[in-house]
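Worksheet: one structure, shown below.
The values are calculated or read from the model by the stated rules, or taken from the named source; none is laboratory data. Model, not experiment: these values are computed from the prediction. Every residue, glycine as well, gets a Cβ built from its backbone with ideal geometry; the counts of neighbours run over all protein chains shown. These accessible areas exclude ligands, DNA and RNA; they are computed on the full protein's heavy atoms, side chains included. Shrake-Rupley method; radii C 1.70, N 1.55, O 1.52, S 1.80 Å.
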Amino acid sequence: MKVMKFGGTSVGTAERMKSVAQLISCDMDTKIVVLSAMSGTTNTLVEISGYLYKKNPEGANTLINKLEQKYIAHTFELYKTEEWRKATTKFLHEEFDYLRSFTKVHFTSFEEKVILAQGEIISTNMMTNYLKECGENTILLSALDIIRTDKNAEPDFSYISNKSQNIMAENPGYKIYITQGFICRNAYGEIDNLLRGGSDYTACLIGAALKTEEIQIWTDIDGMHNNDPRIVENTVPVRQLHFEEAAELAYFGAKILHPTCIQPAKFAGVPVRLLNTMDPTAPGTLINNSFQPGTIKAVAAKDDIVCIQIESSRMLLAHGFLRKVFEIFEIYKTSIDMICTSEVGVSLTIDNAAHLNEIVEELKKYGTVSVEKEMVIVCVVGDLSANNIGFETMASEAFRQIPVRMISYGGSRHNISFLVQKEDKKRTLQALSDTLFHS
Ligand code: ADP
Ligand code: ASP
Ligand code: MG
């Protein structure tokens, strides 16, 4: 049994949905298929929610009606028979009437999450109906019954494990089990989600819970590239990554994977394969437990980083200083990505500025605080262990012309990170590609 996750572009048109249907029904293996919303839909649902927050029902209705027309058009392309087209059209009208009903209620973040969930609910229903029309042995399972988060908004893995095993045992004998990516219930039983791009996380959670032979993430590119293909030219796919390497690339900005989705797969030891729906026979990227010494794999960049520097002559030789600093970040549930210390100060970075003002005010008790916003962490991933002499020098070489604010090396044997200004991001990524992969 394997998990196959298809992202927004992979189910973005009726034609693409048909290709996915072909991919998942071409053999007799049992599959759990996790689907995203059709591309653009979640963004539109976010926009609709924006109008509803602003108490503009007309703006919301205009978008809802436009989206409905788009979906109705898809049914004409997707279904061959009147029976399934009608059944799906009826379902869609009910869905869009439901969305319209939010223009008449008091709108809060709770309603917003319900609205955001509809994209995946629609795509999975459409696909299930299509597979049934094609005569496939398939069932739709609601992710709202399987995926749950705890009070810290983290996946509740023991609940997910029990639920997925029970639901599979209660519904034996199907070839294709379809479910929604991204959506879940939270610790209070409300509809919630695993944040943007969260369908990858759903796939990895289910694959880990059921210890499947593999988790396949099907997307619109032939695997993890050695640099961001949206920014750098001539990037190439990396054929294999260790779980840790993939986790670091995802966390540090490689958009092809949700930032934390690799963790459950790593703990369960289930390999993850990144594959291309547009070119299904391409080998893609395999993520597993094997580590190739002596290679640098890839570069990624994480935007919107805030750098905080605390300077204090009192820090000199004072034990307990760092504990006090860390406690402030803990109180505000803000995690630190990079950290560098000297005898007179400490610089650190955060990617969540929700409590920046409070944090800065508290830090001022211990020193002079300065803040730099719009920074970027550029992360080089591969064999960067200390005994692999020369790779960190090679990475640093790329920065000959670029001002670097912080460097973090030695925290793990897989990565070296550099903090640069936003305006230097593109030339930094290009310089790293030129130095590490083309020289
Ligand atoms: P999906 O909708 O299938 O989840 P995403 O848009 O989330 O797809 O992720 C795929 C996109 O990630 C690619 O089209 C590519 O532009 C982008 N991307 C960013 N960094 C990388 C990288 N290092 N390797 C591959 N793709 C990357
Ligand atoms: N549909 C959601 C999003 O656009 C989840 C996903 O595609 O992974 O973020
Ligand atoms: Mg994605």
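Among the protein heavy atoms of the stretch 36-190, carbon and sulfur supply 50% of the accessible surface, probe 1.4 Å, non-protein parts ignored.
Only protein heavy atoms count here; under a 1.4 Å probe, R314 has an accessible surface of about 150 Å². Residue order by solvent-accessible surface for E83, E154 is E83, E154, largest first, with ligands and nucleic acids left out and a 1.4 Å probe. Computed on the stretch 98-220, the Cα convex hull volume stands at 131 Å³ per residue.
Candidates I215, H225, I296 compared by Cα position along the dipole of the stretch 160-311: farthest toward the positive end lies I215, with charges placed on Cβ.
Counting only alpha carbon atoms, the long axis of helix 109-133 and the longest principal axis of the chain meet at about 50°.
At a probe radius of 1.4 angstrom, the accessible area of the stretch 333-434 per residue rounds to 49 square angstrom. Above 28 Å, the calculated P(r) of the chain contains 56 percent of its Cα-Cα pairs. Computed over the stretch 81-131, the percent of Cα pairs more than 16 Å apart is 46. With 25 Å as the limit on Cα-Cα distance, the pairs of K104/K132; K54/K364; K70/K132; K266/K297; K31/K132; K5/K422 that go past it are K104/K132; K54/K364; K5/K422. Each principal axis of the Cα atoms in the stretch 54-152 has its own extent, and those three values, largest first, are 44, 36, 14 angstrom. With contributions of -39500 (n - 2.57) from each DSSP H run of at least four residues, the per-residue ellipticity at 222 nm computed over the chain stands at -12500 deg cm²/dmol. Using +1 at the Cβ of each Lys and Arg and -1 at the Cβ of each Asp and Glu in the chain, identify which of S10, H74, H438 lies farthest towards the dipole's positive end. Of the options given, the answer is H74.
Among L194, L241, L322, the largest mean-square fluctuation in a Gaussian network model of the chain, built with springs joining Cα atoms closer than 10 Å, belongs to L322. If you take the Cα centroid of the stretch 1-79 and the Cα centroid of the stretch 170-184, the two points sit 17 Å apart. Size descriptors for the stretch 200-259 (Cα atoms only): Rg and Dmax, in that order, 12.3, 39 Å.
Computed over the stretch 328-427, the alpha-carbon pair-distance distribution with 10 angstrom bins reads 13, 41, 32, 13, 1, each value a whole percent. Pairs of alpha carbons in the stretch 382-439 separated by more than 14 Å make up 54% of all such pairs. Using the alpha-carbon atoms, what tilt in degrees (0 to 90, nearest 10) does helix 82-101 show relative to the longest principal axis of the chain? For 82-101 against the chain, the angle is about 50 degrees.
Between helix 57-78 and the chain there is an angle of about 60 degrees, using the helix long axis and the longest principal axis of the Cα atoms. What a 1.4 Å probe finds exposed on the stretch 238-282 is 58% carbon and sulfur by accessible area, rounded to a whole percent.
Enclosing the Cα atoms of the stretch 192-324 in their convex hull gives a volume equal to 189 cubic angstrom per residue.
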